[in-house]
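Structure first, then comments.
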Amino acid sequence: MEAFKAALLLEPHSAEAILGYNRGLQRVVPPWHFAMMNDVERATAFETAIRATVTQHDLVLDIGTGSGLLSLMAARCGAQNVVTCEYNPYVAAVARRIIELNGYAPQIRVCDKLSSDLCVGVDLPRRADLLTLEVVDCGLLGEGILPTIVHAREHLITDNAMIIPRAATIHAHLLESQELRDRNCVADVTGFDLREFNSLSSLEYLPARLSQVRHAILTESVEVARFDFLRGDLTPGRRKVCSRSTKSGWCDAVVFWFSLDLAEGITISNDPSNVASHWEQAVQSVRVPFQVTMGDVLEFVVAYDWRGLVLETVRAHQHLDFA
Ligand SMILES: C[S@@+](CC[C@H](N)C(=O)[O-])C[C@H]1O[C@@H](n2cnc3c(N)ncnc32)[C@H](O)[C@@H]1O
């Protein structure tokens, strides 16, 4: 990118340099930014929560600036002092321009840093009173929200600081879906045995818009994880949960979705019925499909760490080990 940038200084209209620079940019700035910024439900919910929480005298820390949207909202809601950080320097530079163009440069300071590199006394005048952050993927945990909050609670915000979002839950269903299975598994194709390729399949969830995939839901929805961002223990763990099967079939996958509690009475979710959300659902294939009988009580073990969530085992009430 830097080479193409240098070329553009010499030849500003070089089509090759313009395209080369843009190709580099697409690799470092994920394309989901646009769909995310245009998700009106997300934006409205965050601004409503910020307005209900922030006061003029609060020092606001916004982790993960992106376009600067949450920082701009905090400033529009009255915050006089907002510090925001963004580790991607290309994104941080654009955010700085957006903030200036919208007239909020005096209130908002952008630091080109990972939040874990911020220092109170250097980047922030003191610990912040309000932390805003939206570092959430379709399965909640993939962008590192847990370690980011753990670090911020320890080093960057006051003991009584508010956090938006303040809590989250993750729910799941087991599914029958050949279509989802085919996205992460292969067998015989035109008479050739390609199963060896399955050694390269994903053990973790992938994004999928469930409403656009043929599937049958085999179980009641079940809460598999709950996080209290204000005071809870956010270290990696595993949890055993039970759900009754509502339909017989072959279980191919599990679908996860989250609900974010932003402030009193303000939640957003990427549950499968929310087709307008830019977040799809998180779908994990089970390693070996297994049969589920209607009425079975299924015991799941779900493990989460600081980068994701996996369904480890499912047992029917007879304690058969399927995984
Ligand atoms: C999902 S986007 C959200 C952007 C913006 N806050 C919004 O809500 O529109 C997250 C952004 O945070 C940045 N980011 C994620 N974790 C970060 C961290 N720990 N420190 C600094 N930047 C981070 C990413 O590069 C990305 O631009």
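Read the figures in this text as sums done on the coordinates, not as results from a lab. Everything numeric in this text was worked out from a predicted model, so none of it was measured. Cβ placement follows ideal geometry from the backbone for every residue including glycine, while neighbour counts extend to all protein chains displayed.
From the set of residues in region 39-77 that are farther than 19 Å from GLN107 by Cα and of a type in the set (Val, Ile, Thr), which is surrounded by the most Cβ atoms within 10 Å (Cβ to Cβ)? Among them, the one singled out is THR48.
Note on region 13-46: residues that are of a type in the set (Val, Ile, Thr) and outside any helix (DSSP H, G or I) amount to 1.
This table checks each residue for (1) in contact (Cβ under 8 Å) with a residue 24 or more places away in the chain; (2) of a type in the set (A, V, I, L, M); (3) buried (at least 16 other Cβ atoms within 10 Å of the Cβ).
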residue	(1), (2), (3)
ASN184	yes, no, yes
GLY191	no, no, no
ARG195	no, no, no
ASN198	no, no, no
SER202	yes, no, no
VAL213	yes, yes, yes
LEU218	yes, yes, yes
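The set of residues from region 280-316 being of a type in the set (Phe, Trp, Tyr) and closer than 12 Å to LEU174 by Cβ comprises PHE290, PHE300.
Considering GLU264, GLU280, the condition of being touching a residue at least 60 places away in the same chain (Cβ under 8 Å), touching a Cys at 6+ places or on another chain (Cβ under 8 Å) and within 30 Å of THR53 (Cβ to Cβ) is satisfied by GLU280 alone. For region 230-260, the set of residues classified as more than 26 Å from ARG209 (Cβ to Cβ), part of a strand (DSSP E or B), of a type outside the set (Gly, Ala, Ser) and touching a residue at least 60 places away in the same chain (Cβ under 8 Å) consists of ARG238, ARG239, LYS240, listed by residue number. Within region 202-229, the set of residues being basic (Lys, Arg) and in a loop (DSSP other than H, G, I, E, B) comprises ARG209, ARG214.
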